[in-house]
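Quick notes on the structure that follows.
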Amino acid sequence: MLNDPRIARLFELLIDKNIPGIEPVFAPRLDSWVSYPAIEAELGTDADHAALLLEDLSRLGYLSRQFHDKVLFCPACNSQDLKLNTVCPKCRSANLARQRVLEHKNCGYIGTESEFTKSGGRACPKCRVELVLVGSDYVSRGLRHRCLACDAVIESPEENWTCRSCHRVFRKDEVREVVMYSYLLDQAQISKLRVERIPKARVREFLTREGYEIQESIQTTGRSGAEHRIDLLATKRSGPLEHRIVVGFSSAETVVDSEEVIKLYAKAYDVSAQDIIMVASPKLSDDGRQFASHYHIRVYSAEDLDRLYIKLPA
Ligand SMILES: [Zn+2]
Ligand SMILES: [Zn+2]
Ligand SMILES: [Zn+2]
């Protein structure tokens, strides 16, 4: 998938601009609701394709998917401008008061706090005993709703949603809900991409544009009869002439050793390449650079591939 130059460019963009992740926006369409505008613009693709692509890339481990937000919206008009109402399940009035419910421990009577209130103090409305100590005289049984229209005490009121856009009313389970995810670049993948994938894609793109035919990761026999593995071989024919470029990609923890330069030169010479390019990540050692300049090998680090240029054969 990363051989797709558009995707390589996308990663490159995210890494270059130091964009930590790809953010979703709520954008209702025919049968989906989330889109990723930054990706769509960059890849010149539609919202559905972009979403699938991100899903694939996260499955492959290049991106990690994270919860971003949950959006509730109107099933009729997609508006997010919803208002929650709690109503009485018996008479459907919204005129509910939230009250603490108390229990008199001696007689077991349960009622709302207002029933127990009596001229500045508390008394049980059933047995009329005055109550003083919370915990021993009476206990709190939590909050309940009391319907001020039909006087019912309600444990859990019904939830209704009103859409402020189309003014329709929906039950709780009728309101639509979509979970939106953002996609973050995985740090380990970033380093890996910096080292191999992105430079390779860029070199390939550049040489293809210059009219070269590209072969990647090939096994070939040189003039000496030795077998060589070549990262990228670019060939361009004009009449009887053929111009061959061998591109080697080397990476190391800190600096790429000069030995890599010599090996690359030996391979390129054996397959009669006129030009040699080395992409060293993160960079080539100082003596490596000296060898490279001696052998006329052009050296780039993954970061300075912008300077990539090929002198065309005369
Ligand atoms: Zn009621
Ligand atoms: Zn009582
Ligand atoms: Zn609506």
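The values are calculated or read from the model by the stated rules, or taken from the named source; none is laboratory data. On a predicted model such as this, the values are computed, not experimentally measured, just so you know. Glycine gets a Cβ as well: all are built from the backbone with ideal geometry, and neighbour counts include every protein chain shown. Surface accessibility is based on the protein's heavy atoms, side chains included, excluding ligands, DNA and RNA. Shrake-Rupley method; radii C 1.70, N 1.55, O 1.52, S 1.80 Å.
General observations
- Label-point separation in nm, Thr235 to His296, each point 7 Å along Cα→Cβ: 2.1 nm
- Flagged links, alpha-carbon separation over 30 Å, of Lys105/Lys172; Lys90/Lys126; Lys200/Lys236; Lys17/Lys267: Lys105/Lys172; Lys17/Lys267
- 1.4 Å probe accessible area per residue over region 190-307, in Å²: 54 Å²
- Residue list for region 126-166, given a label point 7 angstrom along the Cα-to-Cβ vector of Asn106 and an amide N cut-off under 15 Å: 126-139
- Ser140 exposes around 50 Å² of accessible area when a 1.4 Å probe is run over every protein chain in place.
- Per residue, in Å², the accessible surface of region 82-172 once ligands and nucleic acids are set aside, probe 1.4 Å: 63 Å²
- Gyration tensor (alpha-carbon) shape descriptor, the chain, a/c threshold 1.5: prolate
- The solvent-accessible area of Lys200, taken with every protein chain present and a 1.4 Å probe, is close to 40 Å².
- Phi-derived couplings, Karplus 6.51 cos²θ - 1.76 cosθ + 1.60 at θ = phi - 60°, listed residue by residue for region 103-108: 10, 7, 5, 5, 9, x Hz, with x used for Gly and Pro.
- Shape category assigned to region 190-307 from the gyration tensor of Cα positions, a/c cut at 1.5: oblate
- In a fully extended conformation the segment linking Val139 and Glu55 would gain 25.0 nm over its present Cα-Cα distance, using 0.36 nm per residue.
- In degrees, nearest ten, helix 258-270 long axis to first principal axis of the chain (Cα): 60 degrees
- Cβ-defined net charge surrounding Gly142, 14 Å radius [Lys, Arg +1; Asp, Glu -1]: +2
- Residue of Val247, Val299, Val87 that the Gaussian network model of the chain assigns the largest fluctuation, springs spanning Cα pairs under 10 Å: Val87
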